[in-house]
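Here the structure is laid out as structure tokens; the discussion comes afterwards.
Every number here is computed from the coordinates shown, using simple stated rules; none is lab data. All values reported here derive from a predicted model rather than from experimental measurement. No Cβ is skipped: glycine too gets one built from the backbone with ideal geometry, and neighbour counts run over all protein chains shown.
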Amino acid sequence: MKIGLILVDIQKDYFPGGCMELIGMNDASRNARELLQFFREKNWPIFHIQHIAVSNGATFFLPNSPGMEIHENVKPLPEEMVIQKHHPNSFLNTSLHDELLKAGIESVVICGAMSHMCIDATTRAAADLGFGCIVVHDACATKDLNFDSKIVSADMVHGAFMAALQSVYAKVMDLGAFSSWMIQNLPNQPG
């Protein structure tokens, strides 16, 4: 099984001081950096996803703004692929599917932001396209939401979406469990 890493929207606007600060983004990005380092050491395929907002009324990830830049914690190396998107689903109107097929990827590890939006949409799309999916939940972040005049805390939003994804679409695990899983299941995957 050839596996690739998809880092979704780990961009400056989601960090403290950004236009759409998320809860726990610093911690999530540090865990994403560990995943990225693991894949780099193994020379396994890596796909950075960068959202560029083009819709009217967008307030973050605006073109040519500092907030749309990929954060330093997971800054792509020159040889690593960066795929730009304009929708929550990282596959919609992008080359991601073709690039995964070209690389012979059968399963994907997904992390980034936001848990309830782009991580959810990308994971469901990947599963629908036939890829095995793993979501490393502590390398993802989200924010408080408002529903029916009630605040739904970020940890409840995150938990609900991870629970839904693990029911059908993905294995959902933390970074430690993922590391153990990789050692047991993919000790010698070719680069």
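Quote the charge dipole size of region 31-108 about the Cα centre in Debye, to the nearest 20; the model charges only the Cβ of Lys and Arg (+1) and of Asp and Glu (-1).
Dipole about the Cα centre, nearest 20: 100 debye.
Work from the charge dipole of the chain (Cβ charges, +1 for Lys and Arg, -1 for Asp and Glu, about the Cα centre) and give the residue of 25, 145, 4 farthest towards its positive end.
Positive-most Cα among the choices belongs to 4.
Once you sort the root eigenvalues of the Cα gyration tensor of region 3-185 as a ≥ b ≥ c, which label holds: rounded (a/c under 1.5), prolate (a/b larger than b/c) or oblate (the other case)?
It is rounded, given that a/c, with a ≥ b ≥ c, falls under 1.5.
Mean residue ellipticity at 222 nm from the helices of the chain, using -39,500 (n - 2.57) per DSSP H segment of n ≥ 4 over the full residue count, to the nearest 500 deg cm²/dmol?
The helix contribution divided over the chain gives -10000 deg cm²/dmol.
Run the reach check for residue 85 against lysines, Cα to Cα strictly under 29 Å, same-chain hits fewer than 8 apart removed. What comes back?
Output for residue 85: 2, 12, 42, 75, 102, 143, 171.
When only Cα pairs under 8 Å and 6 or more residues apart are kept, what is the percent relative contact order across the chain?
25
Please give the charge dipole size of the chain, origin at the Cα centre, charges +1 on K and R Cβ atoms and -1 on D and E Cβ atoms. Round to the nearest 20 debye.
Taking the Cα centre of the chain as origin, the dipole is about 220 debye.
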